[in-house]
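Derivation of every value follows stated rules applied to the coordinates shown; laboratory data play no part. Fair warning: this is a prediction, and the values are worked out from it, not measured in the lab. Neighbour counts run over all protein chains shown; Cβ positions are idealised from the backbone, glycine included.
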Amino acid sequence: MKKDPLITITNLTVSYDHEPVFEHVNLTIFRGDQIALIGANGSGKTTLLKTILGLKKQDEGTLTITPSLRIGYLPQVLQIADRFFPMSVEEVILQGRRSHKRFPGWLTAQDRRFLNEIVGPFRAQELLKKRFGYLSMGQKQLVLFLRMLAQEPDVVFLDEPTSSLDVARKDSLYAMLEILKKNKVAYVIITHDLPSFDKIIDRVVLIEHSILFDGDHRAFCEHPEFSPFIHTHHGDHHEHS
């Protein structure tokens with residue numbers, strides 16, 4: 001039985017222009033969870049994420065977040081693809097260190113050492129002085145992941161993380177997720193491509209204006225009603241058993 005809940009959602013209803021996007025949602029995210037959040041377009045996945053991140057207010061219900069919880073967020077790279085984005089890679093990553101500091105958020109020698117520690121395994125030192133906006137999609141995603149690691153998060157949310165990546169870059173993403181798993185950092189992957197994450201999730205949450213399924217990944221895959229979500233996309237890491 002899992003313990004140590006990080007985020008608890010109870011009877012949550014969220015609307016846009018008085019039209020409910022989802023109603024009466026109940027969901028608990030525990031430390032170390034590896035969750036795929038799936039559903040059709042318009043089903044409420046992104047709205048649920050925005051509500052958890054504090055970007056959208058709920059109409060009803062409660063959202064309880066453990067005090068001092070550090071939440072990381074990896075957006076879709078296409079959302080910030082502007083090549084004129086002025087910051088260097090080093091500055092982008094170090095934003096993660098500043099996120100939990102009080103104003104003015106001065107960086108310390110320890111922050112610089114931490115930067116080198118997290119960059120080293122990905123051999124990304126040569127990127128540090130480059131302008132973020134000139135990087136490739138895969139490089140941008142790596143840098144945003146490193147910024148997220150710099151926060152030392154307890155739980156992270158990844159929004160369609162494979163949507164703009166080729167096969168090689170997808171393998172890099174899987175390696176990143178393995179690091180989170182090893183460090184017992186909970187993660188929630190919002191995706192339309194469940195098969196691509198077969199080996200690195202243990203729980204599936206299906207939302208369609210309410211929670212239709214929340215449980216073990218294997219149980220989800222064995223349920224005939226959910227076959228379209230399992231076989232619609234062919235993932236690079238998917239194996240039929």
Legend entry - Integer Hz, Karplus 6.51/-1.76/1.60 couplings in order for the range 95-105, x for Gly and Pro: 4, x, 6, 6, 4, 10, 9, 6, 4, x, x
Inset, instruction - Would you mind putting 56-69, 147-160, 121-134 in packing order, based on average other-beta-carbon counts within 10 Å, highest first? - result: 147-160, 121-134, 56-69
Inset, instruction - With Kirkwood radius over Cα pairs in Å defined as stated, name the option among [x] 18.9; [y] 25.8; [z] 18.1 computed from the structure displayed. - result: [x]
Legend entry - Relative contact order, percent, the chain [alpha-carbon distance under 8 Å, six or more residues apart]: 27 percent
Inset, instruction - Calculate the dipole size of the chain relative to its Cα centre from +1 charges on Lys and Arg beta carbons and -1 charges on Asp and Glu beta carbons; express the result in debye to the nearest 20. - result: 1380 debye
Inset, instruction - Give me Lys3, Lys170 ranked fewest to most by other Cβ atoms within 10 Å of their Cβ, as a rough exposure proxy. - result: Lys3, Lys170
Inset, instruction - Name the residue farthest towards the positive end of the dipole of the chain from the options Phe157, Met176, Ser88, assuming +1 on Cβ of Lys and Arg, -1 on Cβ of Asp and Glu, about the Cα centre. - result: Ser88
Legend entry - Entries of Lys45/Lys101; Lys170/Lys199; Lys50/Lys130 with Cα pairs more than 23 Å apart: Lys45/Lys101; Lys50/Lys130
Legend entry - Residue-averaged 222 nm ellipticity for the chain, from DSSP H runs of 4+ at -39500 (n - 2.57), nearest 500: -8500 deg cm²/dmol
Inset, instruction - Place the peptides 178-184, 206-212, 15-21, 100-106 in order of packing, highest mean first, counting for every residue the other Cβ atoms within 10 Å and averaging per peptide. - result: 206-212, 178-184, 15-21, 100-106
Legend entry - Fraction of alpha-carbon pairs over 18 Å apart in the range 73-153 - percent: 37 percent
